[in-house]
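We did not get these values from a lab; they are worked out from the coordinates using the rules stated. Predicted model only: the values in this text are computed from it and were never measured. Every residue, glycine as well, gets a Cβ built from its backbone with ideal geometry; the counts of neighbours run over all protein chains shown.
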Amino acid sequence: MRDAILSNALADLAEQAKLTVQKSVAAEQISVEMALSAGQMLVTAKDQCQHGEWLPFLERTEIHERQAQRLMQLARSGLEPDTVSDLGGISQSLRFASTWAMPQTGKALAILDRRYDPDSSDDPGPVAFVWESVSSPGHFRIAAVNRDDVCGTRFPMRPLTEVEGERPISTIIHWLRLNFALPIADWEIQLCDRAFAEAMASPLEAGAAQ
């Protein structure tokens, strides 16, 4: 397609629009990072507060208790700034975090495309599974079924990696964002039987499902 020749006025508007959008995206990213940092500060402060000190502390910060709870929930979720942005912001990320819980024994998380309609298609598209390791309780296996390709973790993972003084990182979500073909904004999280998840992950090398 041949490039259209724009008038000077339209060319100037195009440049202004581009710069404004870039600044908006940068400002949003800074806002997310500051919210995560504030949440971590509140988590640290609450751990240090003695009985009866928490509410006076919040009064000093001029942060409403409900807002503080939301910021701490976000910080504890292990979501990284890019993930929060990809989910659509803080409110959407908090909704996501409320549905993201490690499965109990005998169950697995199944992650599907939220747009999938079983009445109109037999192909659910990419699917991922998370289940607790039998040999390493508290650690989890992950498998991503991207069409005909199956990849998974060689060793079980802990759900969160915590570094003193810093926000925890969700190792499982981080791995899925790198290896799962479905963007996180399109994830729908359901529960399924662990045996089904292991069967779907069966192309992995022998023993990996344990």
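For the chain, the longest piece that avoids every one of the GluC sites (Glu not before Pro) found in DSSP loops with at most 16 other C-beta atoms within 10 Å covers 63-161.
Between Met102 and Leu10, the FRET efficiency from the beta-carbon distance, with R0 = 41 Å, is close to 0.20. In order along region 94-109, the phi-based Karplus estimate (6.51 cos²θ - 1.76 cosθ + 1.60, θ = phi - 60°) of 3J(HN,Hα) comes to 5, 5, 4, 4, 5, 9, 8, 9, 5, x, 7, 3, x, 10, 9, 7 Hz; Gly and Pro are listed as x.
Neighbour counts of other Cβ atoms within 10 Å put Ser24, Ser120 in the fewest-to-most order Ser120, Ser24. Each of Val150, Val43 was scored by other Cβ atoms within 10 Å of its Cβ. Listed from fewest to most, they are Val150, Val43.
Our coupling estimate for region 131-136, obtained by passing each phi through the Karplus curve with A = 6.51, B = -1.76, C = 1.60 and θ = phi - 60°, is 8, 6, 6, 5, 7, 9 Hz, Gly and Pro reported as x. Here the convex hull built on the C-alpha positions of the chain has a volume of 199 cubic angstrom per residue. Remark: the Asp119-Phe155 segment gains 9.3 nm on full extension, using 0.36 nm per residue and subtracting the alpha carbon distance.
For region 107-200, the share of alpha carbon pairs falling in successive 10 Å distance bins from zero is 16, 48, 28, 8, 1 percent. Extension gain for the segment Asn179 to His139, taken as residue separation times 0.36 nm less the Cα-Cα distance, is 12.6 nm to one decimal. Relative to the 2.2 N^0.38 Å rule of thumb, region 8-95 has a C-alpha radius of gyration ratio of 1.47. Shown in residue order for region 146-155 are the 3J(HN,Hα) couplings computed by the Karplus curve 6.51 cos²θ - 1.76 cosθ + 1.60 at θ = phi - 60°: 9, 6, 8, 9, 10, 10, x, 6, 6, 10 Hz (x for Gly and Pro). Going from the fewest other Cβ atoms within 10 Å to the most, the residues Thr171, Thr161 appear in the order Thr161, Thr171.
Once the Cβ-Cβ distance of Glu166 and Gln69 is raised to the sixth power relative to R0 = 30 Å, the FRET efficiency obtained is 0.90.
For the chain, the 222 nm mean residue ellipticity estimated from helices alone, with every DSSP H stretch of n ≥ 4 adding -39500 (n - 2.57) and the total spread over all residues, rounds to -14500 deg cm²/dmol.
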